[in-house]
Amino acid sequence: MSGEVSMKRGLGRYLEVPWQGLRLWLMSFPLLFASIAVTLSFGLVGIGAGIFLVPPAVMMLRSLLDGYRDLVSRWTGRKVERPYLPVPEGSPMQRFTALIQDPATWRDMAFLLLDPVVSAFTAFLSFLLFLYGIYGWLLAAFLGKIIVDHSGNEWYTFIPLQGSFSDHPVNASLLATFATIYGLAGLYFGPRLMDVYGRWTQNMLGPTERSRLALRVQHLAETRADAVDTSARELRRIERDLHDGAQARLVAMGMSLGAIEQLLDKDPDRARTLLAETRESSAKALRELRDLVRGIHPPVLADRGIGDAVKALALDHPLPVEVIVDLPGRPDAPVESAAYFAVSEILTNVAKHSGARHVWVDVRYAFGTLRISVTDDGRGGASLDGGTGLRGIERRIGTFDGVLALSSPVGGPTIVTLELPCALLTT
């Protein structure tokens, strides 16, 4: 059964490629007209107006090409990444300068100028061959006789139509044979021609080494700033918890001990009562300190690793949580810590906002990536917009080049997936 399905998918691919090639070739013309509008805005730079017109025109063109990249990536199987360097939010002159200094701007323009021709000989060629084959079959069936009767001698490749259907009936068979060859060639070579077009688009609209490095530097700068902010927030939280919790109790204990010292001779019973209260306060202070230490780096995480630490989170969760762990080793401690606190925050959000009845956590390692998915059967509708806690988790794991993916249709289920590239330490 699976072999039949894969065969159907393969045949479907051959049949759909010519039509995809037609669409890509047709789309190259409106994109070309959009590039002409950008070129006209550059022509107005000399009188000053272009400085104000170029940035919005280029950004509009980039938005169109983002959609085109996504389409080509899906149809050719070659991922075309976004190559653009950061554009400052300053004055029009700053934005104009940044855009004209970005090589991707000029590569976009070159691509749009050449693409109608390149796509015609790659993606669109399979449709032309297939269409020419259909045309040949129509000639062999009835259209050839009509054309000859009205216009005289015509040719299909090297086969003359005049006389093909009366004096030389063998030519009609030859015509049908070549039409079949053209049609099959269009279908057979379609995926290969589409792959060639994908490579062309990838080379022209994808990032160069310079832009890739610049984007990498920008990402590292952002994640470093996020890491510094997160560390500062954690330090303020620890300071606040110490000041409002354990520190306040210790101060109160000191005052109680002073009072006990004065009451030992005058009122021993009162001194014993204060001593019992002080002992209780010391126990509470010790628990708060242990909770604080556990919040900084849980002992179970340090001793047993991320798998058992997530299982411990599940035991303390108000909802039933099923945990599956498949790890042949342990990630580095910083990666483990980031993953643990990310899962902890996701489970907290599930308990507070999801309305779920059950939660599933899957922890696996494959292809150099720690992958954790948290699924709940709640109401769904979660979003990364608006500065939510999920966005904070995304920034936290971004420090380690991690990514967060969210699927939460209204009505559920909600699936949050974390992926952190790392190596495992085997024991």
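The values are calculated or read from the model by the stated rules, or taken from the named source; none is laboratory data. Since this is a predicted model, take the numbers as computed values, not measurements. Quick reminder, even Gly has a Cβ in these numbers, built from the backbone with ideal geometry, and neighbours come from all protein chains shown. Each accessible area value is taken on the protein alone, full model and side chains, heavy atoms only, with ligands, DNA and RNA left out. Shrake-Rupley method; radii C 1.70, N 1.55, O 1.52, S 1.80 Å.
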query: In segment 352-394, which residues are farther than 16 Å from Pro413 by Cβ and charged (D, E, K, R)?
result: Lys352, Arg364, Arg371, Asp385, Arg391, Glu394
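Conditions (1) over 24 Å from the mean Cα position of the chain (by Cα); (2) under 16 Å from Leu406 (Cα atoms), marked per residue:
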{"site": "Arg304", "(1), (2)": "yes, no"}
{"site": "Ala309", "(1), (2)": "yes, no"}
{"site": "Leu319", "(1), (2)": "yes, no"}
{"site": "Ser337", "(1), (2)": "no, no"}
{"site": "Leu347", "(1), (2)": "no, yes"}
message: Being over 26 Å from the mean Cα position of the chain (by Cα) and either assigned to a helix (DSSP H, G or I) or in contact (Cβ under 8 Å) with a residue 12 or more places away in the chain (or both) is the requirement here; does Leu128 meet it?
response: yes
- request: Output yes when any residue across segment 408-425 is in a helix (DSSP H, G or I), in contact with a Ser or Thr (Cβ under 9 Å, 6 or more places away or on another chain) and either farther than 22 Å from Val321 by Cβ or open to solvent by less than 40 Å² (accessible area, probe 1.4 Å) (or both), and no when none is.
  value: no
message: Is it the case, given these coordinates, that Arg357 is closer than 20 Å to Leu313 by Cβ and at pLDDT below 85?
response: no
